[in-house]
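Below: one structure, written as structure tokens.
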Amino acid sequence: LEIEITQVDAFQGREKDTIMYRIVRGNIMSDLGFIKDERRLNVSLSRAKEQLIIVGDSEVADYSPLEENPFAKLFRYIIENPSECKILL
């Protein structure tokens, strides 16, 4: 078993069988910070060959402005596709 822990940027141009993406951005100011960059989200979502696991605070999907929040679309997709995605509480 080979485990590699690194930041999103390190996976640019690479793939792994399973990717665990940790979204830790919950805060009282509802600030997305650098994770509002859709390019980073694209890298995060497209590097897993078999399985993608996203761990984090679902309230991040409600941070506004929603048109600048890539997680709003992602979370909506997860909810609307229960045959492909699961939400575990």
(Q) Rolling a 1.4 Å sphere over the protein heavy atoms, what is the accessible area per residue of the chain, to the nearest Å²? (A) 79
Q: Using a cut-off of 15 Å between beta-carbons, work out the net charge of the residues near Thr18 (Lys and Arg +1, Asp and Glu -1, Thr18 not included).
A: +1
(Q) In whole percent, and with a 1.4 Å probe on the protein chains, what portion of the accessible area of the chain is carbon and sulfur? (A) 51
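Okay, helix-only estimate at 222 nm for the chain: each DSSP H run of n ≥ 4 adds -39500 (n - 2.57), divide by all residues, round to 500 deg cm²/dmol; what do you get? Each step should come with its number before you reach the end.
Numbers: 2 runs with 20 residues, N = 89.
The per-residue figure over the chain is -6500 deg cm²/dmol.
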Q: Kindly rank 60-69, 7-16 from highest to lowest mean number of other beta carbons found within 10 Å of each residue.
A: 60-69, 7-16
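The values are calculated or read from the model by the stated rules, or taken from the named source; none is laboratory data. What you see is a predicted model; the values in this text were computed from it and never measured. Cβ sites come from the backbone with ideal geometry, for glycine too, and all protein chains shown count toward neighbours. Remember, those area values only see protein heavy atoms, side chains included, never the ligands or the DNA or RNA. Shrake-Rupley method; radii C 1.70, N 1.55, O 1.52, S 1.80 Å.
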